[in-house]
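The values are calculated or read from the model by the stated rules, or taken from the named source; none is laboratory data. On a predicted model such as this, the values are computed, not experimentally measured, just so you know. Cβ placement follows ideal geometry from the backbone for every residue including glycine, while neighbour counts extend to all protein chains displayed. Accessible surface is based on the protein model in full, side chains and every heavy atom, while ligands, DNA and RNA are left aside. Shrake-Rupley method; radii C 1.70, N 1.55, O 1.52, S 1.80 Å.
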Amino acid sequence: ELLEKTPSSRPASAAAVSERIEAIRAAPNLPPAARPAPTPGQRTPQAFVGRTLELDKVHRAVDEALGGHGSLVMLAGEPGIGKTRLAQRAGEYAGLRGAQMLLGQCHETEGGIPYQPFVEAMRQHVHDRPDDALRDELGSAGPVVARIVSEVTQRLPEILPAPPGDPESDRQRLFDAVATFLVNASKAAPLILVLDDLHWADRPTLLLLQHLSRRLEGSRLLVIGTYRDMELDRQHPLSESLATLRRDPGFERVLLRGLSAEDVLALFQARAQGAQLGEGDQAAQLAAAVHRETEGNPFFIESVLQHLTESGAIYERDGRWVADISIEEMGIPEGVRDAIGR
C-alpha cells in the first residue's frame, strides 16, 4: 500500500500506517498448507543482490537531484549485466522520496523514430498530469513539444503543433522546448528520466541528450542512461556523444561487471522463494560452478538456473533444493549461452 503509484491510494499518515500494521499483526496466520509451495523452475521477478557501490552512486545522484542538483548518470556494461534493473532500483528509491520515474527505450531497428526514448517518456508524463499543471509546465514550449508528442494536443486542444520552418532552426527550437518542458516538470516533483539501450539511439536523440545535459544543473531532473559498452567503437554515434558528455561537470559513468560468487549464491537463494539451496557445501559449490560458467552475468545466471530446474537436475524436497547428481555431472550447458547469443 505504501508503494501505490497514486498518492491518494497510500496511507494518509504515520498513524494510518501504524493501524494497518496492528491489523496485520492481529490477523490469524495462514496455515502452512495455505501457502503456495515454491516451484524451483517457476519464473519470478529477478532478485536484486550485490551492486552495493553502484547502488550508492545512483542513490547519491537521486538525492542530489531532489536537492536541486540534477545530473546525468550513464550505466554501462555487457548485455544482461543488470543495467536496466539498477536504473529501476534508482527509480523505486526516488519514488519513495516523492519523485516520478519516466522511462524511454531505444529499439534495435533500422531508421528508428527520431527522439523515440524522449517521446515515450514525455508521453507518460503528459498522460498522468492534470490539465492545468501540464499547461503551466509546457508554457510557450507547448506548440513545439506537440510536434513530436501528439498527446499534448489531444489533452490540450488549444495547443496546436508549431508549423515547420528551417530544419536547423527547428531542431534548435525543439531541443530548447524539450529541455524547458522537462526542467519545468521537475519543479512540481523531481523527475528521474531513464533512457534505456542508448547504444541503439539515433544521432538526433543523442544530440538532444547532449543539449539536455547542459540544462540539468540547478534542476530537479536526473537523467539515467544505459548502454552496452562492448558494442561501441570509435565510429559509433554514442562514442562521440560520450566524449562530449564527459566534459559536463554533472556527468558520471557507472561501470557494471559480473557478480561475485557470493552474490550468485544470494541470487540463487532469493530465486528459491524460501527453500534452502543444497546441503552442506553443495550450495556454495553450485554457485561457484555457475559463477565460473556465466562470469557472474545475472541474466545468464537466471537462464542457467531455469535450465537446471526444468531439466530436473535440481529440485525442491522438504523445503530444500537438492541435487541427486554431482556438480560436475550437471554440466551447465553451453547451449544456454548459445541460445542467448542467437
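Determine, yes or no, whether Gly104 is touching a Phe, Trp or Tyr at 6+ places or on another chain (Cβ under 8 Å), at pLDDT 90 or above and either surrounded by 15 or more Cβ atoms within 10 Å (Cβ to Cβ) or assigned to a helix (DSSP H, G or I) (or both).
Yes: the conditions hold for Gly104.
You will find that of Gly77, Gly95, Gly91, the residue that is of a type in the set (Gly, Ala, Ser) and either open to solvent by 20 Å² or more (accessible area, probe 1.4 Å) or more than 25 Å from Leu267 (Cβ to Cβ) (or both) is Gly95 and no other.
Yes/no per residue for (1) at pLDDT 75 or above; (2) over 24 Å from Gly50 (Cβ atoms); (3) polar (S, T, N, Q):
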{"site": "Gln235", "(1), (2), (3)": "yes, yes, yes"}
{"site": "Leu238", "(1), (2), (3)": "yes, yes, no"}
{"site": "Ala261", "(1), (2), (3)": "yes, no, no"}
{"site": "Val264", "(1), (2), (3)": "yes, no, no"}
{"site": "Ala289", "(1), (2), (3)": "yes, no, no"}
{"site": "Arg317", "(1), (2), (3)": "no, yes, no"}
{"site": "Trp321", "(1), (2), (3)": "no, no, no"}
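Please determine whether any residue of the stretch 49-65 is under 26 Å from Phe299 (Cα atoms), at pLDDT below 90 and open to solvent by 40 Å² or more (accessible area, probe 1.4 Å). Yes, because at least one residue in the stretch 49-65 is under 26 Å from Phe299 (Cα atoms), at pLDDT below 90 and open to solvent by 40 Å² or more (accessible area, probe 1.4 Å).
Do we have Phe175 as at pLDDT 95 or above, over 23 Å from the mean Cα position of the chain (by Cα) and of a type in the set (Phe, Trp, Tyr) here? Spelling it out, Phe175 is indeed at pLDDT 95 or above, over 23 Å from the mean Cα position of the chain (by Cα) and of a type in the set (Phe, Trp, Tyr).
Count of the stretch 148-174 residues, restricted to those that are touching a helix residue (DSSP H, G or I) at 6+ places or on another chain (Cβ under 7 Å), open to solvent by 60 Å² or more (accessible area, probe 1.4 Å) and closer than 16 Å to Pro114 by Cβ, is 3. Of all the residues in the stretch 187-201, those that are among the charged types (D, E, K, R) and buried (at least 17 other Cβ atoms within 10 Å of the Cβ) number 2.
Given the options Ser219, Ser241, Ser213, name the one that is crowded, with 16+ Cβ neighbours inside 10 Å, free of Cβ contacts under 8 Å to residues at least 40 places away in the same chain and under 22 Å from the mean Cα position of the chain (by Cα).
None of the others qualify; the one that does is Ser241.
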